[in-house]
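Everything below concerns the one structure shown next.
No value in this document is a laboratory result; all are computed from the given coordinates. This is a predicted model, so every value here is computed, not measured. Heads up, the Cβs are rebuilt from the backbone with ideal geometry, glycines too, and the neighbour counts pull from every protein chain shown.
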Amino acid sequence: MEDIEHIQKEMKLIDGKGRRLDGRKPDELRPVRIEAGVLRRADGSAYMEWGGNKVLAAVYGPREAHPRHLQDPARALVQCRYNMAPFSVTDRKRPGPDRRSVEISKVISEAFSSVVFKEQFPRTSVDIFIEVLQADAGTRCAGLTAASVALADAGVPMRDLVASCASGKIDGVVCLDLNKDEDNFGDADCPMAVIPRTGEIVLLQMDGHLTYDEFQKAMSLSLGAAQRLYELQRDALRRRYAVTLQDILKESPPAPMVAGPAESEPELPAEDDFGSEGI
Amino acid sequence: MQGTEGLRPIVIPGEAVGGPGLKPGPGTYSESGQVFAAQLGIRTERDGLVTVIPLNGRYLPERGDAVIGEVVDLGPSHWLVDINSPYPAPLHATESPWRVEFGDTARYLKAGDVIMCHVLSVDEIKRVQLTMSEREARRLTGGMVMEISPTKVPRVIGKQGSMVSLIKELTHCQIYVGQNGRIWLDGTDRDTAIAARAIRLIEERAQAFGLTEAVRELIERARQETRGPGPS
C-alpha cells in the first residue's frame, strides 16, 4: 500500500487552468447514459452508466408485502435494496449488506416514498433493487437516478421522476459530481436528490465540511445537474417505448436487444467512459 | 424520437398534461390548478377530463371485473385464487356454482385449476372477494392461458369487443379475456398459436394506430402460410 498521507500532499486535484483530474470544469458532469427496460423479468428496469459507474436498477410491484406484519393498511411500502457487487471496487467488496449499504438503502427508499402515490396501493410493497456493478463515486446518486427511471418503466404512479447528483469541495473549490479520486482526496461530498419539477429535495447528505456559502453553491450546482439528468431520464423512457414500434412483428424478441447508443451521449465529449483515472 | 407516424405521444410522470379548467382523471394528479401525469402512458382528453392510459403496470381489481384466476390454496369453505394482482383473492364456497359441503372444497376445485370468475367486491383497504355466480363463470379445462400486460387489455378487447371478436372470427378460437391480463384460448393447436401471435402483436403495438388492420393482416397471412404447403 502506498502512503496515503504522502499522496494527499502531492495530489493536485485542480490544475492551474481550473481543470479537474479528468479534464472537467468544476460545473461539468461526467458522461451519462441511461437505458430503460433492460430486464425481462422485472416489472420495470433501467441501466445507467455515469462516468465510471455502472448501475442496474429493477423494480417490482406494487405486490403483496411480505412478511405480512410489515403491511400498512393505509399505504404501500417503498422498499429499496442498494447492493454493491463484489467486483464493483478495486479491492473485492465482501458481499452482503453492510452498514453503508443499509444506510443508502434507507435514504433511497425514503426519497422514493415521497414521490410514489402510496395511498393507491394499501397493503402492498414496491420493491426497488439497485445493483452497483462498477463504482466510481456517486453510486447512490446514479442508483437513485436509474431506479427512478425503472419505477416509471414499471408503471408505478408517482408525482415526478427523481434526479440526483452530488457536489463537493476539492482543493477548496466547489465542484459538481466528484469522481473516485476527488471523493477520496477532496474536502467534502454532498449527494442530493430532487424532484426536478418542484425543486423539492428528497435526499441530502454530506460527508466533510462546507461553509454556508459553499453549501449554497454546491446546492445550485446539484440542482442544475438534476435538471440535465431529468432530461436524460425522460429521453431514456421515450426511447424505450419508441423501440417497441420498430420491431413490431417479432414474436418474442430474444435476449434484450442492445439498442444502439443513439444520441444518448450528453453534451460532454468523452474521451473514454472510465475517465482518465482508469479503474 | 417522438411523433413517429402511428405513434401516440408518450407522457412521463411529472409532465404537465393540462392547465386549469381540466379535471384530472386516472393516471394523473392535480397540483395548484395544473394537471400532471402520474404514470408513463398516453395522454387522452375527453369532456374536460384528462387521463393517462398507462403503458405498464399492475392489475388492480375493481368490482365487476371478469378475471381469469388460478386456484392456489383451499380452505374448508373457500378457495384462494391468484388473479395476478397484489392482493389475495378468496372465492367463498357460497359464491361458487356448486353446493359445497363444509370442508369439501377440494371436490370442486383443486390447487392449479384455472377459473373464469368475477370480482364481487373490493373494499377501501383493497380486500377482494370473487364470485362465480355469473353465467359465464366456470372452471376452464383445455386450451391455454397466456398473460399480457393488464394495461393492454382494453386494446385486446377493442371497442365493444371488436378486436376479440375479430380474432375469434378469423381463428375459430374460443377466447376469454380477463381484465387481469390473463387470456384463455381454446381451439386447434394451429389456430391457438395464430391467435396468441395476434394478441402478442396487439400487446406490443398497443399505442399504434390502425391496429385492427394489422391484426387482420397478420392472421390472414399466418393462416395462408400454414395452409398452403400443408397436407390438406
- Message: Between the range B:129-160 and the range A:71-135, what is the separation of their alpha carbon centroids in Å?
- Response: 35
- What average count of beta carbons from other chains do you get within 10 Å of the Cβ of residues in B:197-205? 3
- Task: Run through the DSSP bridge list for chain B and note the antiparallel percent, rounded to the nearest 5.
- Result: 95
- Query: How long, wide and thick is the range A:130-226, going by the Cα atoms along their three principal axes, in whole angstroms, largest first?
  - Reply: 43, 31, 16
- Within 10 Å of each Cβ in B:176-189, the average number of Cβ atoms from other chains: 0
- Message: Counting only other residues whose beta carbon sits under 14 Å from that of B:THR141, what net charge do I get with K and R as +1, D and E as -1?
- Response: 0
- Could I have the simple spin-label model distance between B:GLN174 and A:GLU103, label points 7 Å from Cα toward Cβ, reported in nm to one decimal? 6.3
- Message: Students often get this wrong, so check it: of A:LYS54/A:LYS118; A:LYS25/A:LYS93; A:LYS106/A:LYS217; A:LYS106/B:LYS152; A:LYS17/A:LYS180; A:LYS17/A:LYS217, which have C-alpha atoms separated by over 23 Å?
- Response: A:LYS54/A:LYS118; A:LYS25/A:LYS93; A:LYS106/A:LYS217; A:LYS106/B:LYS152
- Just in the range A:67-132: which chymotrypsin sites (Phe, Trp or Tyr not before Pro) are loop by DSSP and have at most 13 other Cβ atoms within 10 Å? A:PHE87
- Near A:LYS169, which aspartates and glutamates are there with a Cα under 13 Å away, not counting those fewer than 8 places off in the same chain? A:ASP27, A:ASP177, A:ASP181, A:GLU182, A:ASP183, A:ASP187, A:ASP189, A:ASP207, A:ASP213, A:GLU214
- Query: Sequence-distant or interchain residues sharing an amide H contact under 5 Å with A:ILE170, placed H: which?
  - Reply: A:CYS175, A:ASP187
- Task: Note down the nm distance, to one decimal, between modelled labels 7 Å out along Cα→Cβ at A:GLN227 and at B:PHE102.
- Result: 6.9
- Query: What distance in nm separates the simple spin-label points at A:ILE201 and A:ARG94, each placed 7 Å from Cα in the Cβ direction?
  - Reply: 3.4
- Extended-chain gain in nm, criterion 0.36 nm per residue less alpha-carbon gap, A:GLU119 and A:VAL173: 15.1 nm
- Item | Amide H contacts under 5 Å for A:VAL116, placed H, 5+ residues apart | A:ARG159
- Message: Using a Debye calculation, one point per C-alpha and no hydration shell, please list log10 I(q)/I(0) for the protein assembly as shown at q = 0.09, 0.10, 0.11 Å⁻¹ in order.
- Response: -0.72, -0.86, -1.00
- Subtracting the Cα-Cα distance from 0.36 nm times the residue separation, let me have the gained length for A:MET11 to A:PHE87 in nm, one decimal. 24.7 nm
- Work through the residues other than B:GLY178 whose Cβ is under 10 Å from its Cβ and net out their charges, Lys, Arg +1 and Asp, Glu -1. -1
- Of all DSSP beta bridges with both partners in the range B:10-54, the antiparallel percent, nearest 5, is 90
- Message: Going by average Cβ density within 10 Å per residue, which order do the peptides B:25-34, B:39-48 take, highest to lowest?
- Response: B:39-48, B:25-34
- Task: Specify the inter-centroid distance of the range B:44-85 and the range A:32-70, based on alpha-carbon positions, in whole Å.
- Result: 23
- Using r as the Cβ-Cβ distance of B:VAL145 and B:GLU31, and R0 as 51 Å, what FRET efficiency do you calculate, to the nearest 0.05? 0.80
